[in-house]
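Worksheet for the structure shown next.
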Amino acid sequence: MNLPNKITVARILLIPVFLILMLVPFEWGSWHIFGTEIKAAHIVGAVVFIIASITDWIDGYFARKLKLVTNLGKFLDPLADKLLVSAALIVLVEMHLAPSWVVITIISREFAVTGLRLILAGSGEVVAANMLGKIKTWTQIVAISALLLHNIPFSAINFPFADIMLYISLIFTVWSGYEYFHINRSIFKHSK
């Protein structure tokens, strides 16, 4: 297994660590940061999520730079991204920090685009992530990180940055999903 794939596997292995930190009621105490009380375990969990998210860029960088793009990597990388983002979004619903309808919409789009990619792969086409898809991913990561951190530091000035970013990520999620289906709509005409 090459270095980029090891980094991707590490991202997948960080998901249960993140879940444990966010969902197990550890009694590590709480911190008051910018007027907001947040459990110490949740801060550590948010940092784990951020580190795991950054590994998405790192593994892609090394795969391209070292010319180590593999079929395993093409499979694992988007899987790791979807597992991490889905896990974090579901945790946010559990913690009452994100509305379930937004999370369901985002996760449904991920399943739909994954299904489209499988259909296209079956006909020999590979759909690479485009710029809109990359913006979608980064707006999701920023939104999730801000929500996990209870909108700190923006909570000090009562600015709902985390909520705004969540809805911005929702817009890019739906928009990029529409674009994937619109660009590849011919696959449905050929499958009659």
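The residue of the stretch 33-51 that is surrounded by the most Cβ atoms within 10 Å (Cβ to Cβ), among those that are in contact (Cβ under 8 Å) with a residue 40 or more places away in the chain and part of a helix (DSSP H, G or I), is Phe49. Annotation: Gly29 fulfils all but one of (1) closer than 23 Å to Phe159 by Cα; (2) at pLDDT below 95; (3) touching a helix residue (DSSP H, G or I) at 6+ places or on another chain (Cβ under 8 Å); the unmet one is (1).
Residues checked against (1) within 26 Å of Leu170 (Cβ to Cβ); (2) of a type in the set (Val, Ile, Thr):
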position	(1), (2)
Phe18	yes, no
Met22	yes, no
Lys39	no, no
Ala46	yes, no
Ser53	yes, no
Ile58	no, yes
Asn71	no, no
Ile90	yes, yes
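Residues in the stretch 111-166 that are of a type in the set (Ser, Thr, Tyr) and surrounded by 16 or more Cβ atoms within 10 Å (Cβ to Cβ): Thr137, Thr139, Ser145, Ser155.
Taking Ile15 as the residue in question, decide whether it is crowded, with 16+ Cβ neighbours inside 10 Å and in contact with a strand residue (DSSP E or B) (Cβ under 7 Å, 6 or more places away or on another chain). Answer is no for this residue. State all residues of the stretch 52-83 that are of a type in the set (Val, Ile, Thr), in contact with a helix residue (DSSP H, G or I) (Cβ under 7 Å, 6 or more places away or on another chain) and surrounded by fewer than 18 Cβ atoms within 10 Å (Cβ to Cβ); if no residue qualifies, say none. Answer for the stretch 52-83, where residues must be of a type in the set (Val, Ile, Thr), in contact with a helix residue (DSSP H, G or I) (Cβ under 7 Å, 6 or more places away or on another chain) and surrounded by fewer than 18 Cβ atoms within 10 Å (Cβ to Cβ): Ile58, Val69, Thr70. Just one residue in the set Ser86, Ser169, Ser108 is surrounded by 15 or more Cβ atoms within 10 Å (Cβ to Cβ), free of Cβ contacts under 8 Å to residues at least 40 places away in the same chain and polar (S, T, N, Q); that residue is Ser86.
Each row is one residue, and each column tells you yes or no for (1) of a type outside the set (A, V, I, L, M); (2) modelled with pLDDT under 95.
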position: Ile119; (1), (2): no, yes
position: Gly122; (1), (2): yes, yes
position: Glu125; (1), (2): yes, yes
position: Lys134; (1), (2): yes, yes
position: Thr137; (1), (2): yes, yes
position: Ser145; (1), (2): yes, no
position: Ile152; (1), (2): no, yes
position: Asn158; (1), (2): yes, yes
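The values are calculated or read from the model by the stated rules, or taken from the named source; none is laboratory data. Since the model is a prediction, treat every value here as computed from it, not as a measurement. Note that each Cβ is placed from the backbone with ideal geometry, even for glycine, and that neighbours are counted across all protein chains shown.
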